[in-house]
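The values are calculated or read from the model by the stated rules, or taken from the named source; none is laboratory data. Quick caveat, the model's predicted, so the values are computed rather than measured. Heads up, the Cβs are rebuilt from the backbone with ideal geometry, glycines too, and the neighbour counts pull from every protein chain shown.
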Amino acid sequence: MLEKFDVIVIGSGPGGYVCAIRLAQLGLKTACIESRDTLGGTCLNIGCIPSKSLLNLSENFHKAKNFEKIGIEIGQVKLNLEKMMKNKNKSVTILTKGIEFLFKKNKITYFNGVASFKSKNQVHISHKDKKEKIIESKNIVISTGSEPVNLPGIKFDEKKIISSTGALSMQSVPKKMLVIGGGYIGLEMGSVWSRLGSEVHVIEFLDHITPGMDKEISNEFMKILKKQGINFHLNTKVDSITKSTNKVVAQTSDKEGKKKNFECDVALISIGRKPCTQNLNLNKVGIKLDEKGRIKVNKNFQTTISNIYAIGDVIEGPMLAHKAEEEGIAAAELIAGQAGQVNYDVIPGVIYTYPEVAYVGMTEEQLKSKKQSYKIGKFSFMANSRAKAIDETEGFVKILVNDKTDKILGVHIIGPHAGELIAEIAIAMEFGASSEDIARTCHAHPTFSEAIKEAALSVDKRQIHS
Ligand code: FAD
Ligand code: NAI
């Protein structure tokens, strides 16, 4: 007998598990298939969570080394990497088990195995140690996520030539680490290993790091990271990598075609991620991909086959966990006959380095290219009393508003707790707020959030503290 469900969700990352829970809440009999042995996808197992855990642990290590300067004498600070990794693994296990608990609580049936389409209503599940299975449902949601892009002809051995997965579990601190690609992963993982003692060199193809980010913030970000000891080589493309027993050598060329070799102990390749579709047998059911290999969907997340939906990293848009979650909820609600939707104009982004970088809405460069006239408000953490009190004064808040209506168009923050601060702006933007609304809102003192209020005041040059 075929087991039948209302909806099958393929993949249990933040897109898939959130979608499955929402479907179950809406009364639909839901199954979720996951090929990995634990739930939670890239995000919980080898992405957001372990990286944020290591960022926190390594920041604590770095701070502890400087405690003496602020009057706390604890003797020699020593790194125990094995213990640090165990700590990181503990955070991952607690959270992945948490999803198992949520699945049980919501009566979601969980199948461990690789899913592939047998027909537009049937999914085949295979597992190396288990009997094959076919399950059936009216609707199916694909949320199979993404995987690291590699350089042509190079294989990740996850020891010397590593992806983010290897960078999250190195067993010793490499003396010299090459980071290929100055984006999210390169800068977060580069920061971790630099704090733990590696000499880190970031090789970036473009003339700036973090492409797509507001240029002023990106420039400030690189300046701060340089001060922390990270080396940058811009306008440099890695063409190939060779490996010997002890060393890895990256062959690079600059804009003029000048060649240079970089030798290191470990090379992290962080040049982007690609959608994960290879095992699904999409051709069988006629699901179409776009030119970048992402599953094509309409505004209701339906693929070219209308009862099959796709969400998260496997479709167009920023490859972010919270974007996948929002799509998971919207798709579930649409399947249940409700009006789910995602506002793509208000998806925040955060890089969890020190200091953090956070943004939502449009950059100054985007406004210029759209010929949208705007005003800018800016405020430095140097003049924020909380930042001064704890000596974390690097960075600033930048608010971009429509010069006629004063409506907030984008906010970019580099500074302490920027990732938490940005939520205020996301809510303000969802409500169509103006900078005047923020400027007239009472913000607690002394808090970092006062820098946002002051930046809003500075749109009309009436900031108080600078
Ligand atoms: P995924 O989380 O990739 O989950 C897809 C799941 O589907 C996987 O578990 C996979 O095993 C499974 N699967 C694939 N094919 C099949 C199949 N055929 N059958 C069954 N199962 C299958 N984003 C943030 O917003 N904040 C962060 O701080 C952040 N940090 C990151 C750090 C790193 C190092 C990395 C790599 C990514 C990070 N991201 C972060 C990105 C974030 O992890 C992804 O955007 C998010 O996980 C996408 O969710 P998803 O549900 O679409 O896919
Ligand atoms: P990325 O797209 O953020 O950055 C890749 C960088 O590599 C770019 O700057 C690009 O110009 C450069 N590059 C490409 N080819 C190159 C070459 N041959 N030589 C030198 N440089 C080259 O990709 P990344 O860092 O791999 O991350 C993938 C995605 O994962 C991110 O875009 C983000 O969506 C997600 N992520 C999110 C995090 C967060 O939200 N904090 C943290 C980590 C990942």
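Tabulated data for the structure shown
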| quantity | calculated |
| --- | --- |
| Count of residues meeting criterion [outside any loop (DSSP other than H, G, I, E, B) and of a type in the set (A, V, I, L, M)] in the range 280-291 | 3 |
| Some residue of the range 164-174 being within 12 Å of ligand 2 (Cβ to nearest atom) and of a type outside the set (A, V, I, L, M) | yes |
| Those residues of the range 225-243 which are within 10 Å of ligand 2 (Cβ to nearest atom) and either touching a His at 6+ places or on another chain (Cβ under 9 Å) or within 30 Å of Lys65 (Cβ to Cβ) (or both), in sequence order | His233, Leu234 |
| For Met84: the one exception among (1) within 14 Å of ligand 1 (Cβ to nearest atom); (2) of a type in the set (A, V, I, L, M, F, W, C); (3) in contact with a Leu (Cβ under 8 Å, 6 or more places away or on another chain) | (1) |
| Filter result for Ile271 (assigned to a strand (DSSP E or B) and surrounded by 14 or more Cβ atoms within 10 Å (Cβ to Cβ)) | no |
| Where Asn56 falls short, out of the listed (1) farther than 30 Å from Leu280 by Cα; (2) in contact (Cβ under 8 Å) with a residue 24 or more places away in the chain; (3) among the polar types (S, T, N, Q); (4) within 16 Å of ligand 2 (Cβ to nearest atom) | (2) |
| Residue in the range 211-220 that is more than 29 Å from Thr144 (Cα to Cα), out of contact with any strand residue (DSSP E or B) (no Cβ under 9 Å at 6 or more places or on another chain) and polar (S, T, N, Q) present | yes |
| Test: Gly349 is under 16 Å from Gly212 (Cα atoms), buried (at least 18 other Cβ atoms within 10 Å of the Cβ) and either at pLDDT 95 or above or within 24 Å of the chain's Cα centre (by Cα) (or both) | yes |
| Qualifying strands (runs of 3 or more DSSP E) (wholly inside the range 117-199; at least 2 residues being within 13 Å of ligand 1 (Cβ to nearest atom)) | 122-127, 130-142, 146-148 |
| Of all residues in the range 381-404 being over 17 Å from Ala358 (Cβ atoms) and in contact with a strand residue (DSSP E or B) (Cβ under 7 Å, 6 or more places away or on another chain), the one that is surrounded by the fewest Cβ atoms within 10 Å (Cβ to Cβ) | Asp403 |
| Options Val249, Val285, Val297: the member that is away from ligand 1 (no atom under 16 Å from the Cβ) and not basic (Lys, Arg) | Val249 |
| For Asn60: the one exception among (1) under 20 Å from the mean Cα position of the chain (by Cα); (2) assigned to a helix (DSSP H, G or I) | (1) |
| Selection from the range 292-345 of residues that are buried (at least 18 other Cβ atoms within 10 Å of the Cβ), part of a helix (DSSP H, G or I) and over 15 Å from the mean Cα position of the chain (by Cα) | Glu327, Gly328, Ile329, Ala330, Ala331, Ala332, Glu333, Leu334, Ile335 |
| Subset tally (residues that are away from ligand 1 (no atom under 13 Å from the Cβ) and in contact (Cβ under 8 Å) with a residue 24 or more places away in the chain) for the range 300-331 | 6 |
| So Gly113, is it within 12 Å of ligand 1 (Cβ to nearest atom), under 30 Å from Lys4 (Cα atoms) and in contact with a Lys or Arg (Cβ under 7 Å, 6 or more places away or on another chain) | yes |
| Qualifying position, being of a type in the set (Gly, Ala, Ser) and out of contact with any Asp or Glu (no Cβ under 8 Å at 6 or more places or on another chain), among Gly183, Gly166 | Gly183 |
| Selected residue (only one of Gly377, Gly419, Gly410 is more than 13 Å from Ser449 (Cα to Cα), in contact with a strand residue (DSSP E or B) (Cβ under 6 Å, 6 or more places away or on another chain) and surrounded by fewer than 24 Cβ atoms within 10 Å (Cβ to Cβ)) | Gly410 |
| Among residues of the range 252-282, those that are within 15 Å of ligand 1 (Cβ to nearest atom), hydroxyl-bearing (Ser, Thr, Tyr) and in contact with a Lys or Arg (Cβ under 9 Å, 6 or more places away or on another chain), counted | 1 |
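Okay, residues lined up against (1) in contact (Cβ under 8 Å) with a residue 24 or more places away in the chain; (2) closer than 29 Å to Ile33 by Cα; (3) surrounded by fewer than 16 Cβ atoms within 10 Å (Cβ to Cβ):
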{"residue": "Val248", "(1), (2), (3)": "yes, no, no"}
{"residue": "Asp254", "(1), (2), (3)": "no, no, yes"}
{"residue": "Gly257", "(1), (2), (3)": "no, no, yes"}
{"residue": "Ala267", "(1), (2), (3)": "yes, no, no"}
{"residue": "Asn283", "(1), (2), (3)": "no, yes, yes"}
